[in-house]
């Protein structure tokens, strides 16, 4: 099998397992090269693909067409968005509520989400709020849609072998790999690398803690957890994961700071993944 298992994030409904493996492999090779690691020993990579769960007419969350929020999902997403604006003054909040009226968003976006979306767009740039909402809707599906979490975890575990030592999770994938380790389902893994993770949200962490019927609230101290994040990546809410993880802030550029290829192609990421599979590998 593979010493490294990478788990993708949202919006991969139209992708395939072959495309994901190529994207991850090519991007990781670039990161390893930039980290001055031996290019002839780039770790073998497995990339479980679960994007098909979110295609049109999926019982979990159809991705090919918009679906209305139910009350519980709306409450979850709203709570996360409210985290992003909790430090604003009353005057700033009033201004955002006024600008929210002119966003012109889809009829599927509930009015209660508009204030948070306006705040995110005001800080991170137009459209970034909807990116975060898209991530949160699939995080919600993973946590609460009947069967979704079980299926995704099994898809990942099917690619985990005795020699797997490193989990790499991007976006929603970081929630999945963290959850697997929290549940003790991959005890052979000794290194966790999260990229562009929404685990900075207290709402997401609390939902995870409530979702597994007595599973631990954290991961083993024996797992080295490193978190690579761009402070301008809206999915991270501009936050790292210290003290739970060792943070490595990076600059992925303004155009698409959440992009997987940008995260994997960083020298920090290449070095961390290589070090997790080689006892004599470089360290940051």
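The values are calculated or read from the model by the stated rules, or taken from the named source; none is laboratory data. As the structure is a computational prediction, the values presented were derived from the model and not from experiment. Every residue, glycine among them, receives a Cβ derived from its backbone with ideal geometry; neighbour counts consider all protein chains shown.
Structure above, values below:
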| item | result |
| --- | --- |
| Residue 120 at pLDDT 80 or above and part of a helix (DSSP H, G or I) | no |
| Meets criteria (in a helix (DSSP H, G or I) and at pLDDT 95 or above) for residue 153 | yes |
| Matching residues, region 28-47, being in a loop (DSSP other than H, G, I, E, B) and out of contact with any strand residue (DSSP E or B) (no Cβ under 6 Å at 6 or more places or on another chain) | 35, 36, 37, 38, 42, 44 |
| Test: residue in region 209-225 that is in a helix (DSSP H, G or I) and buried (at least 21 other Cβ atoms within 10 Å of the Cβ) | no |
| Which numbered condition residue 174 fails, given (1) not in a loop (DSSP other than H, G, I, E, B); (2) not assigned by TED's automatic domain parsing to the domain that holds residue 10 | (2) |
| Single residue of region 236-246 satisfying the filter (over 13 Å from residue 125 (Cβ atoms) and within 15 Å of the chain's Cα centre (by Cα)) that is surrounded by the most Cβ atoms within 10 Å (Cβ to Cβ) | 236 |
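For (1) in a helix (DSSP H, G or I); (2) modelled with pLDDT of 85 or more; (3) crowded, with 20+ Cβ neighbours inside 10 Å, each residue gets a yes or a no:
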residue	(1), (2), (3)
14	no, yes, no
26	yes, yes, no
52	yes, yes, no
56	no, no, no
66	no, no, no
80	yes, yes, yes
